[in-house]
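Remarks on the structure that follows.
The values are calculated or read from the model by the stated rules, or taken from the named source; none is laboratory data. Keep in mind that this is a model prediction, so the values were computed, not measured. Note that each Cβ is placed from the backbone with ideal geometry, even for glycine, and that neighbours are counted across all protein chains shown.
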Amino acid sequence: MSTHYSTEFKQEAVRLAVESHQPVAQTARDLGVNPNTLYTWISKYHSAGTSAPKGAEGEPPHEELKRLRREVALLKEERDILKKAVAYFAKDHR
């Protein structure tokens, strides 16, 4: 049985998958769509926009966004660790 989805649904599903912090497969399950179908939509969406900008490393924008979000999370974690270390050593010298 083949299900037909509207263009608006497909575009919104791609947007959610690309902007979400969760894996694409999880987004697909949440939407009730086969993960392979969602991956296909993402591929078609990004290949249709051949003039779409590439990231600094030549990657598609959605991949760059996910990579940058992971990097920001790591940097925040490192910052928090350093804050705790500074507070600990500052307390020792009082």
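What residue, among those in segment 1-35 that are within 24 Å of R70 (Cβ to Cβ) and surrounded by fewer than 12 Cβ atoms within 10 Å (Cβ to Cβ), is nearest to the chain's Cα centre (by Cα)?
H21
Looking at segment 24-52 only, could you name the residues that are modelled with pLDDT under 90 and part of a loop (DSSP other than H, G, I, E, B)?
Those that are modelled with pLDDT under 90 and part of a loop (DSSP other than H, G, I, E, B): G49, T50, S51, A52.
Given the structure, is D80 touching a helix residue (DSSP H, G or I) at 6+ places or on another chain (Cβ under 9 Å), modelled with pLDDT of 80 or more and assigned to a helix (DSSP H, G or I)?
no
Give the residues of segment 54-77 that are in contact with a Lys or Arg (Cβ under 9 Å, 6 or more places away or on another chain) and modelled with pLDDT under 80, sorted by residue number.
G55, E57, E59, P60, P61
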